[in-house]
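The values are calculated or read from the model by the stated rules, or taken from the named source; none is laboratory data. No experiment lies behind these values; they were computed from the predicted model shown. Don't worry about glycine lacking a Cβ; one is built from the backbone with ideal geometry, like all the others, and counts go over all protein chains shown.
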Amino acid sequence: MSTFRVQPATTCAISSTIKHFGFTLRFPQKNCAVFRRPRNLSIMAASTDPLEICVKASVIAPNKPGDCPFCQRVLLTMEEKHLPYDMKLVDLSNKPEWFLKVSPEGKVPVIKLEEKWLPDSDVITQLLEEKFPDPPLVTPPEKASVGSKIFSTFIGFLKSKDPGDGTEQALLNELSSFDNYIKENGPFINGEKVSAADLSLAPKLYHLEIALGHYKKWSVPDSLQYVKSYMKNIFSKDSFIKTQALPEDVIAGWRPKVLG
Ligand SMILES: N[C@@H](CCC(=O)N[C@@H](CS)C(=O)NCC(=O)O)C(=O)O
């Protein structure tokens, strides 16, 4: 297991630290490209202590998160909320005792919030939103399930050995309706700003692109231009680049399912 103390990508790496009212505020130095005033003192105070999070470790490179889209979703949420975190990389093929104590089901992500270790990216991202509401990442309920069938149809197609079994068409149908949706409502699911639904979907689309490219020599058709630009747009965000798995990890991670 390795542990990394991480400052969010949007905060300048070189920062000066001011101790104030018993907690620590970090301000970027003057020559920093991005200068931010603390948005809300109580939120800054609450976020001073890095959040402890266990994520899957890379099997390729030391010190890198591995190919878990649910872990990346939580990392992205913390990055977009500018929360510092301590990332504990867990070797899922050889789970250590301490990890099984904090995650009895042996699953990642798990996060420590108010002295309790909590599993499941749905639960974690919701709690992060409640505890750290600024900036808000809430997706309105009527939009929260946009694109939600893409991941399962991608897996169906990836695992399929019969080209005529309809799994490719099922994926294309989901991608087409997402394309139409983004055309009408984009560039993100909730319009101009990224929200929780994008942070859940984007890591899954990243897996789709890499795994289908590698195992099926398949890519999203050019006709689905809004899906393609959505992917390009979100994959180029600093928060995404900082938290993404290596393509080699994604390929290795899906291998057992493909060979299945
Ligand atoms: N519903 C969970 C799914 C988490 C999950 O399935 N994580 C996988 C890694 S991507 C895991 O920990 N698997 C246990 C293992 O591989 O032993 C969530 O959203 O957090």
(request) For segment 101-118, enumerate the residues that are more than 9 Å from the ligand (Cβ to nearest atom) and surrounded by 12 or more Cβ atoms within 10 Å (Cβ to Cβ). (result) V102, I111, K112, L113, W117, L118
(request) Select, from Y206, Y215, Y230, the only residue that is at negative phi, touching a strand residue (DSSP E or B) at 6+ places or on another chain (Cβ under 8 Å) and among the hydroxyl-bearing types (S, T, Y). (result) Y230
(message) I need a count of the residues in segment 194-221 that are without any contact (Cβ under 8 Å) to a residue 60 or more places away in the chain and among the small types (G, A, S).
(response) 5
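The rows are residues; the columns are (1) of a type in the set (A, V, I, L, M, F, W, C); (2) buried (at least 17 other Cβ atoms within 10 Å of the Cβ); (3) outside any helix (DSSP H, G or I).
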position	(1), (2), (3)
F154	yes, yes, no
L158	yes, yes, no
P163	no, no, yes
E168	no, yes, no
I182	yes, yes, no
I210	yes, yes, no
V227	yes, yes, no
I234	yes, yes, no
F240	yes, yes, no
(message) On the basis of being charged (D, E, K, R), surrounded by 19 or more Cβ atoms within 10 Å (Cβ to Cβ) and either in contact with a strand residue (DSSP E or B) (Cβ under 7 Å, 6 or more places away or on another chain) or in the same structural domain as S152 (by TED's automatic domain parsing) (or both), does D249 make the cut?
(response) yes
(message) away from the ligand (no atom under 13 Å from the Cβ), within 20 Å of V250 (Cβ to Cβ) and of a type in the set (D, E): which single residue out of E79, E52 fits that description?
(response) E79
(request) Please go through segment 119-136 and pick out each residue that is more than 10 Å from the ligand (Cβ to nearest atom) and not acidic (D, E). (result) Q126, L127, L128, K131, F132, P133, P135, P136
